[in-house]
Amino acid sequence: LISRKWRVEPTLIDLGDGVVIGEGNFSIMAGPCSIENERQIELVVEHLKVNNVKIMRGGVFKPRSSPYAFRGLGIDGLKMFHQICSANGIKIITEVMQVSQIEEMIDYVDVFQVGARNSQNFNLLDSLGEAQKPVLLKRGISGTIEELLQAAEYIFSNGNEKIMLCERGIRGYEKAYRNILDLNAVPVLKEKTHLPVIVDPSHGIGLRDYVEPMSLAAVMAGADGVIYETHQKPEEAFSDGQQTVNFQESERLIKRMRKAFELR
Ligand code: PEP
Ligand code: MN
């Protein structure tokens, strides 16, 4: 069902208020790795509004490699996140980690993110298929393109067509950066499926200095949008600070991506 052979026209995902993701648009989703407090949300929202960015990312349920690391503010953090964003006309994308969270989260999110670690959590994918909320589905840490497509098929076949695919880097042997951002996947996915393709350069390379060149490369590779991490003080971020850009860098990035998209 997600194949171009089944549907030729590109799928567009309408989040309301004129925010539409998919071919013809270039969607920017930016924000911290983790939602930390009210002040941080307000600062990011302000930064996004100044730059006409309509979608804020931010995790409240965080999959962390160590159980002792910061694991997110949970549902109360999401309610605060939603209150501030809805008052400012900003849409929310945030990660859902398990089936039981869908119901408590659903009224407070615009897009559910499925993280790399849950990319093949088939029960979660089934339930998101029934939930009728847009989903950003990340490629697994060592996931093939075929596995990503099959995972999307789980959601779609349960009745939810509002899916975007996200290339976020795959694990390789190289130690100079965190992951290998597989930009090959962008034109390949665009050909194989009618779903929007989003690139996450922050997790894709894992080092803030390289987020801009890889984002610009993603634009030219044909991505329908990017999702990246920004924070008022990246070095103090609760998670993923090393790959997070500050607002000045973020602003420059936004301007350059928009210029690159015009040239595409
Ligand atoms: C995130 O977006 O902060 C995240 C945990 O991403 P991923 O699932 O790609 O590691
Ligand atoms: Mn992160």
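Derivation of every value follows stated rules applied to the coordinates shown; laboratory data play no part. What you see is a predicted model, and the numbers here were worked out from it, not measured in a lab. Cβ: placed from backbone, ideal geometry, glycine included. Neighbour counts: every protein chain shown.
Taking the stated definitions as given, is Ser215 among the small types (Gly, Ala, Ser), touching a residue at least 12 places away in the same chain (Cβ under 8 Å), within 16 Å of ligand 2 (Cβ to nearest atom) and buried (at least 19 other Cβ atoms within 10 Å of the Cβ)?
yes
State all residues of the range 14-57 that are at positive phi and either part of a strand (DSSP E or B) or within 15 Å of ligand 1 (Cβ to nearest atom) (or both); if no residue qualifies, say none.
Of everything in the range 14-57, those that are at positive phi and either part of a strand (DSSP E or B) or within 15 Å of ligand 1 (Cβ to nearest atom) (or both) turn out to be Gly16, Gly31.
Somewhere in the range 45-55, is a residue touching a helix residue (DSSP H, G or I) at 6+ places or on another chain (Cβ under 6 Å) and within 14 Å of ligand 2 (Cβ to nearest atom)?
For the range 45-55, residues touching a helix residue (DSSP H, G or I) at 6+ places or on another chain (Cβ under 6 Å) and within 14 Å of ligand 2 (Cβ to nearest atom): absent.
Given the conditions (1) within 30 Å of Trp6 (Cα to Cα); (2) more than 16 Å from ligand 1 (Cβ to nearest atom); (3) surrounded by 15 or more Cβ atoms within 10 Å (Cβ to Cβ), report the number of the one that Asn246 does not fulfil.
Failed condition: (1).
Taking the options Asp209, Asp182, name whichever one is assigned to a helix (DSSP H, G or I) and not aliphatic (A, V, I, L, M).
Asp209
Please verify whether Gly72 is in a helix (DSSP H, G or I) and either in contact (Cβ under 8 Å) with a residue 24 or more places away in the chain or within 28 Å of His194 (Cα to Cα) (or both), treating the condition exactly as stated.
no
Please determine, by comparing only the residues of the range 184-206 that are within 14 Å of ligand 1 (Cβ to nearest atom) and among the β-branched types (Val, Ile, Thr), which one is surrounded by the most Cβ atoms within 10 Å (Cβ to Cβ).
The selected residue is Val199.
Any residue that is assigned to a helix (DSSP H, G or I) and either under 30 Å from Gln232 (Cβ atoms) or within 16 Å of ligand 2 (Cβ to nearest atom) (or both) - is there at least one of those in the range 118-133?
yes
Conditions tested, residue by residue: (1) farther than 17 Å from Gln83 by Cα; (2) surrounded by 12 or more Cβ atoms within 10 Å (Cβ to Cβ); (3) within 19 Å of the chain's Cα centre (by Cα); (4) of a type in the set (S, T, N, Q).
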residue: Lys5; (1), (2), (3), (4): yes, no, no, no
residue: Val8; (1), (2), (3), (4): yes, no, no, no
residue: Thr11; (1), (2), (3), (4): yes, yes, yes, yes
residue: Asn25; (1), (2), (3), (4): yes, yes, yes, yes
residue: Ala30; (1), (2), (3), (4): yes, yes, yes, no
residue: Cys33; (1), (2), (3), (4): yes, yes, yes, no
residue: Ile41; (1), (2), (3), (4): no, yes, yes, no
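Do you know which residues across the range 153-162 are assigned to a helix (DSSP H, G or I), in contact with a helix residue (DSSP H, G or I) (Cβ under 8 Å, 6 or more places away or on another chain) and crowded, with 17+ Cβ neighbours inside 10 Å?
Across the range 153-162, the qualifying residues are Tyr154, Ile155, Phe156.
Could you list, in sequence order, the residues of the range 85-117 that are crowded, with 17+ Cβ neighbours inside 10 Å and part of a helix (DSSP H, G or I)?
Once the filter is applied, which keeps residues that are crowded, with 17+ Cβ neighbours inside 10 Å and part of a helix (DSSP H, G or I), the range 85-117 yields Cys85, Gln101, Ile102, Met105, Tyr108, Ala116.
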